[in-house]
Amino acid sequence: MQEEAQVNNIAIIGAGLGGLACAIALRKLGYEVQVYEKARDFRPVGGGFGLLPNGLKCLDAIEPGILSLIKNSACEISQTVLKNNQGETIRTNKSARYKDKYGLPLITVWWWHLQQILASKVPENNIHLNHRCIGFTQDDNGVDIYFDGEKKLRADLLIGADGINSAVRETLFKDGKARYLGSMSWRAVIKCDQQLLNPGELGFVKSDREFMYLLNVGDGHFSWLYRQLLLDFSLSPNLDAAKSQVLSKIAHWGKPLQQLVEMTPSERILEAPICDRPPLDTWSTGRVTLLGDAAHPMAPALGQGANSTFEDVCELAWCLTHYKNISEALTNYERRRIKRTRIIQNRSAEGEMDYYKTEEEKSPSRVLQQLQMSSEEFQNWILSYQPPTI
Ligand SMILES: Cc1cc2nc3c(=O)[nH]c(=O)nc-3n(C[C@H](O)[C@H](O)[C@H](O)COP(=O)(O)OP(=O)(O)OC[C@H]3O[C@@H](n4cnc5c(N)ncnc54)[C@H](O)[C@@H]3O)c2cc1C
């Protein structure tokens, strides 16, 4: 092991899942960490999503014991269910194989619940809401970070965990707008009694050029995620209009599915175009680096957005304590991450379009062909990831 990178005071931009997990990991290693978030408060938004064995292993390494807390307000999936757009079951599949193969199950959780659990592990005084970062400058000794309202702060290291439209990434690389992948999404979580899924089930409703995921996310909460192939998109003028739009798109679907959307308060709906960005060759300059969606935004097809972000956290934490200066630490962080996340980004973009194709329309994956891997080998490669000990 080499001498430790000389850093004391670390600023993280973004209190999403990546920024908060990173704050927990780095505080444990003894760093002084401040998190700056543009939102004025933590609102109950977002949809349900899957925590997979690779991400769960990282969360356990970041905060031992956190998995039992997450499991208490999430759902361990034992079966997946394929339905038609009338809500009728076509096929079921046991999904206990994740636990058997990789030691941990598939867990579905509400994004906001996980954000709250992670935030509860960071002292309130270290999270600064209502701080929108607008850029930074750096010199040999530190980084000056600029926020809306002419606020300025200085740190030894700046980590941009500010998502797909990262201000830190824009200042570093000026790579403009995210790339729209031709697919629109609407998602929400509601508390409801529903008859569509049994506890421990995850549902997928397949229709023509559209689909919906149905997720139990624990605590009596249920999440729907509707997606449609739309080559051009425009955002609804307000959330009532977004809800009406989904209802009109699924007007031909079965009543139980329509009712889920009908009973959803508009303010709970998150409408978003599915976007990514082409992979970068580098994520860092001087004392500034990126993490999570800011570094490698990807389509949700493989469910790796959050899971691969937790991998970044473990690797960055490990590099900061194992290399003698920031430059070596960040170079090695990139060396350990960029190749892997590039592959996951590329395969996720391919997979996004596969959702809308019939089996006959699908062509073999170019990414898997280049890697000379079968789908199963590829899944093993992703889900068997072992984080370094931090
Ligand atoms: C509100 C919200 C809901 C989401 N819901 C889901 C979901 O249901 N399912 C799913 O799979 N993924 C969801 N995601 C995305 C998912 O969290 C990410 O793909 C993944 O977890 C990587 O996380 P991240 O921390 O890198 O980025 P993000 O989760 O996007 O977090 C970025 C954070 O940075 C903040 N931020 C952005 N710009 C600035 C700025 N200039 N200054 C300060 N702060 C800034 C954002 O407000 C956000 O809190 C959601 C993201 C957000 C922000």
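The values are calculated or read from the model by the stated rules, or taken from the named source; none is laboratory data. Because the structure is a prediction, the values reported are computed rather than measured. All Cβ positions, even for glycine, are placed from backbone atoms using ideal geometry, and neighbour counts span all protein chains on display. Heavy atoms of the whole protein, side chains included, go into the accessibility calculation; ligands, DNA and RNA do not. Shrake-Rupley method; radii C 1.70, N 1.55, O 1.52, S 1.80 Å.
Filtered by the rule that a residue be open to solvent by 50 Å² or more (accessible area, probe 1.4 Å) and closer than 24 Å to residue 176 by Cβ, the range 259-281 gives 270, 278, 281. Hey, could you check the range 159-179 for residues that are touching a Gly at 6+ places or on another chain (Cβ under 9 Å) and part of a strand (DSSP E or B) and say which is farthest from the ligand (Cβ to nearest atom)? Of everything passing the filter in the range 159-179, 159 is farthest from the ligand (Cβ to nearest atom). When 218, 182, 203 are screened for being part of a loop (DSSP other than H, G, I, E, B) and touching a residue at least 12 places away in the same chain (Cβ under 8 Å), only 218 passes. Taking every residue in the range 237-259 that is assigned to a helix (DSSP H, G or I) and pairing it with any residue that is of a type in the set (Gly, Ala, Ser) and open to solvent by 40 Å² or more (accessible area, probe 1.4 Å), at least 6 positions away or on another chain, the pairs with Cβ-Cβ distances below 9 Å are 258/251.
Within the range 111-141, the residues that satisfy the criterion of being surrounded by fewer than 19 Cβ atoms within 10 Å (Cβ to Cβ) and within 10 Å of the ligand (Cβ to nearest atom) are 128, 129, 130, 132, 134, 135. Considering only the range 305-321, state which residues are more than 9 Å from the ligand (Cβ to nearest atom), modelled with pLDDT of 95 or more and not acidic (Asp, Glu). Passing the criteria: 313, 314, 316, 317, 318, 319, 320. Residues in the range 345-355: is at least one at pLDDT below 95 and either in contact with a Cys (Cβ under 9 Å, 6 or more places away or on another chain) or not in a helix (DSSP H, G or I) (or both)? Looking for residues that are at pLDDT below 95 and either in contact with a Cys (Cβ under 9 Å, 6 or more places away or on another chain) or not in a helix (DSSP H, G or I) (or both), one finds at least one in the range 345-355, hence yes.
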